[in-house]
Amino acid sequence: MNKRDLSYDDLMGKVSQAELAKLATDGMLTDATLERCAHIGRFMQRVSNACPNPNLKVRDVLTEAEVQAMWQETASPSEDVGRCPLLHQ
């Protein structure tokens with residue numbers, strides 16, 4: 001069976017957490033997908049640290065430019081990750 005190569009859009013909403021967990025447990029994700037997962041984890045941790053008050057929305061604390069900067073800074077240096085999928089197009 002072929003491994004799945006999932007995009008950032010897939011990982012941030014199109015694929016359920018349950019399906020993603022099963023694919024990961026079964027070793028069915030490509031190395032590139034695993035790196036995207038790690039990037040998303042680093043990014044979310046950074047956003048969480050910047051916005052510790054759960055009663056506030058991210059946009060109440062950070063500007064789009066700050067979110068985009070965090071997105072870029074948490075990516076692997078050799079990877080072009082483009083615009084953060086959480087920001088409106």
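The values are calculated or read from the model by the stated rules, or taken from the named source; none is laboratory data. Just so you know, these numbers come straight off a predicted model, no measurement behind them. For neighbour counting, all protein chains shown are included, and Cβ atoms are generated from backbone atoms with ideal geometry for every residue, glycine included.
Just need a number here: residues in the range 19-48 that are within 13 Å of the chain's Cα centre (by Cα) and not aliphatic (A, V, I, L, M).
11
Taking ASN49, is it outside any helix (DSSP H, G or I) and not basic (Lys, Arg)?
no
Is there any pair with a first residue in the range 29-45 that is part of a helix (DSSP H, G or I) and a second that is surrounded by 13 or more Cβ atoms within 10 Å (Cβ to Cβ) and small (Gly, Ala, Ser) whose Cβ atoms are under 6 Å apart and which are 6 or more apart or on different chains, and what are they?
Taking only residues 6 or more apart or on different chains, the pairs are HIS39/ALA75.
Of the residues that sit in the range 69-85 and are of a type in the set (A, V, I, L, M, F, W, C) and more than 15 Å from ASP9 (Cα to Cα), which one is farthest from the chain's Cα centre (by Cα)?
ALA69
Which residues, counting only those in the range 47-74, are within 25 Å of SER16 (Cβ to Cβ), modelled with pLDDT under 95 and not hydrophobic (A, V, I, L, M, F, W, C)?
SER48, PRO54, LYS57
For the range 49-68, give me each residue that is under 16 Å from the mean Cα position of the chain (by Cα) and closer than 13 Å to LEU86 by Cβ.
Result: VAL58, GLU64, GLU66, VAL67, GLN68.
Is it fair to say LEU23 is part of a helix (DSSP H, G or I) and not small (Gly, Ala, Ser)?
yes
Are any of the residues in the range 65-79 touching a helix residue (DSSP H, G or I) at 6+ places or on another chain (Cβ under 8 Å), touching a residue at least 40 places away in the same chain (Cβ under 8 Å), surrounded by 15 or more Cβ atoms within 10 Å (Cβ to Cβ) and assigned to a loop (DSSP other than H, G, I, E, B)?
Looking for residues that are touching a helix residue (DSSP H, G or I) at 6+ places or on another chain (Cβ under 8 Å), touching a residue at least 40 places away in the same chain (Cβ under 8 Å), surrounded by 15 or more Cβ atoms within 10 Å (Cβ to Cβ) and assigned to a loop (DSSP other than H, G, I, E, B), one finds none in the range 65-79, hence no.
Which condition number does ARG59 fail, the rest of (1) assigned to a helix (DSSP H, G or I); (2) touching a Phe, Trp or Tyr at 6+ places or on another chain (Cβ under 9 Å) being met?
Failed condition: (2).
Residues that are among the aliphatic types (A, V, I, L, M), in a loop (DSSP other than H, G, I, E, B) and modelled with pLDDT of 90 or more: does the range 1-10 have at least one?
There is at least one residue in the range 1-10 that is among the aliphatic types (A, V, I, L, M), in a loop (DSSP other than H, G, I, E, B) and modelled with pLDDT of 90 or more.
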